[in-house]
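In what follows, a single structure is set out as structure tokens and then discussed.
Each value in this text was obtained by applying a stated rule to the coordinates, not by laboratory testing. Remember, it's a predicted structure, so these values are computed and weren't measured experimentally. Glycine gets a Cβ as well: all are built from the backbone with ideal geometry, and neighbour counts include every protein chain shown.
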Protein chains: 2
Amino acid sequence: MVSKLNTRYIQSLHLKKFRDIEGCFIAEGSKVVLELLQSTKLVCRHLYGLETWLNEKESFLRTFYSGPLEIVLPHELEKLSALKTPNELLAVFSKAVVQPVQPSGKITLVLDEIQDPGNMGTIIRNADWFGIEHIVCSRHCADIYNPKVVQSTMGSIGRVNVFYTDLDVWIQLNNSIKKYAAALNGTELNKVKNIKEGLLMIGNESKGINRKLLEMADEKITIPRKGHAESLNAAVATGIILSHLIK
Amino acid sequence: MVSKLNTRYIQSLHLKKFRDIEGCFIAEGSKVVLELLQSTKLVCRHLYGLETWLNEKESFLRTFYSGPLEIVLPHELEKLSALKTPNELLAVFSKAVVQPVQPSGKITLVLDEIQDPGNMGTIIRNADWFGIEHIVCSRHCADIYNPKVVQSTMGSIGRVNVFYTDLDVWIQLNNSIKKYAAALNGTELNKVKNIKEGLLMIGNESKGINRKLLEMADEKITIPRKGHAESLNAAVATGIILSHLIK
């Protein structure tokens, strides 16, 4: 049984405004929630589950989670959920403490106005797969704690550090690091060498990287097109470039 | 002004059952609709647009479309649309005639139970970017004419031929073509040579490729993991492997 007050509190976390005020966000589904419970960066505040699920998994859950378990009925979970088809589990976590980004000696992703939550989440998942520790985002990027972003990270949000800032200022402060930009009409990907250090800039889904940032790039990278599509999806392009740069 | 009958007809096309009966589907937004109007494979049956949009673009539109233009009011478009935020344009197209797939001398994508419409659309867009002509899908894959799939193809649905069939039978019939499978614990992608001909099998988002198909593969391919994510998104993995195989 979830109180009206708690229901309203959790529903408020569907919106960025209240996530910012509360410093909390929701995660849904056993796959994502179980991954986040094991993250060293996040603290779980509430855990709601269907009775059948909790009965079956409680002993497993107790190997890494000692907080309270709250039972919800399916129609209650539906009210709390931001998903079309709610899953068996929903949790409230405190947002991670943002770590200062120190880009020397590693590859850092720099995102300029990635607006689709699915793309944002998938890019975080890419970063986690390729061992990228930090993502630096412009202030117009989708909020990483948007429920759809959290969902599409598949748990990677608990491992990658994401930092929002004014990109042009931040890049100038880190001007000694080589800057690569995903762009049309750049060097063909196959001709770009593998790297150990660099900033990889990825731009908005329809407009690409804004001109001011693009001018700061030391090297523009293009994925060679063999067919007719006008562009690639931003998360796919990020994955392809990372796969090539990190070998 | 859209009649009640037409409204109901277009709303019915949100569902696969009626798309199959009518042989038609809807596309939305000026970017996607304009691309599809220029496809040689698709015929536009109805074109609804907001008056402001049609006034501004009619002469451009008339360079490649000679059918009737129907004006809709914003609240009417909202009723017709399958999107959360309807765009200025919505069109009904006849489905493309499916071409027989002849995989020799080229790379063909084989999809086993890709269920997420966004992934399905993004994979079609990848195929179009890398010059893949044909995609062969298991019968449990998402319907390519689902409005969300159409949307995320960004127009590529008008250029790539997609064929649904029983994969194990189809693969046996094309047994002379080398079969590659995206899988965990396969050959590292960097060690796989570029190819001119082959079937590239991609599996379901959570279960991967089913065992029977996986056993048919001549070579399993793995994208090396450097970090901690359990897996990559299916559309991202497809893009990375295609980018490597086609050089």
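Numerical summary
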{"quantity": "Free-standing Cys residues across the protein assembly as shown, given no other cysteine C-beta under 4.7 angstrom", "calculated": "A:Cys24, A:Cys44, B:Cys24, B:Cys44"}
{"quantity": "Peptide-level mean, for A:156-166, of C-beta atoms on other protein chains within 10 Å", "calculated": "1"}
{"quantity": "Likely footprinting exposure, A:Lys193, B:Lys207, A:Lys79, fewest C-beta neighbours within 10 Å first", "calculated": "A:Lys193, B:Lys207, A:Lys79"}
{"quantity": "16 Å Cα-Cα reach of A:Lys247 towards lysines, excluding residues that sit fewer than 8 places from it in its own chain", "calculated": "A:Lys106, A:Lys191, A:Lys193, A:Lys196, B:Lys191, B:Lys193, B:Lys226"}
{"quantity": "Highest-MSF residue in chain A out of A:Leu232, A:Leu167, A:Leu213 [GNM, Cα springs under 10 Å]", "calculated": "A:Leu232"}
{"quantity": "Evaluated over chain A, the Cα radius of gyration and Dmax, each in Å", "calculated": "19.7, 60"}
{"quantity": "Förster radius 56 Å - calculated FRET efficiency between B:Arg62 and B:Glu188 (Cβ-Cβ, nearest 0.05)", "calculated": "0.60"}
{"quantity": "For the stretch B:4-94: span of alpha carbons on each principal axis (Å, largest first)", "calculated": "36, 31, 21"}
{"quantity": "For the stretch B:106-138 versus the stretch B:2-31, the gap between their alpha-carbon centres in whole angstrom", "calculated": "24"}
{"quantity": "Order of A:Met201, B:Met216 under a 10 Å beta carbon neighbour criterion, fewest first", "calculated": "B:Met216, A:Met201"}
{"quantity": "Cβ neighbours within 10 Å from other chains - mean over B:235-242", "calculated": "6"}
{"quantity": "FRET efficiency estimate (nearest 0.05) - Cβ-Cβ, A:Asp20 to B:Glu51, R0 56 angstrom", "calculated": "0.90"}
{"quantity": "For A:120-128, mean number of other protein chain Cβ atoms within 10 Å", "calculated": "4"}
{"quantity": "Net charge, A:Ala235 excluded, C-beta distance under 10 Å - Lys, Arg +1, Asp, Glu -1", "calculated": "-1"}
{"quantity": "Under 12 Å from the Cα of B:Lys31 - aspartates and glutamates, other chains or at least 8 residues apart", "calculated": "A:Glu230, B:Glu88"}
{"quantity": "Rounded to 5, percent antiparallel among DSSP beta bridges of chain A", "calculated": "35"}
{"quantity": "Gaussian network model of chain B, springs between alpha carbon atoms under 10 Å - residue of B:Thr153, B:Thr222, B:Thr40 with greatest fluctuation", "calculated": "B:Thr40"}
{"quantity": "Beta bridges by DSSP in the protein assembly as shown, antiparallel share as percent, to the nearest 5", "calculated": "35"}
{"quantity": "Taking all pairs of distinct alpha-carbon atoms in the stretch B:116-247, Kirkwood radius in angstrom", "calculated": "15.2"}
{"quantity": "Exposure proxy ranking, count of Cβ atoms within 10 Å, fewest first, for B:Asp128, A:Asp20", "calculated": "A:Asp20, B:Asp128"}
{"quantity": "Percentage of interatomic Cα-Cα distances in the protein assembly as shown larger than 36 Å", "calculated": "36"}
{"quantity": "Spherically averaged projected area in nm², based on the convex hull that wraps the Cα atoms of the stretch A:62-170", "calculated": "8.5"}
{"quantity": "Antiparallel bridge percentage (DSSP; both residues within the stretch A:4-94; nearest 5)", "calculated": "80"}
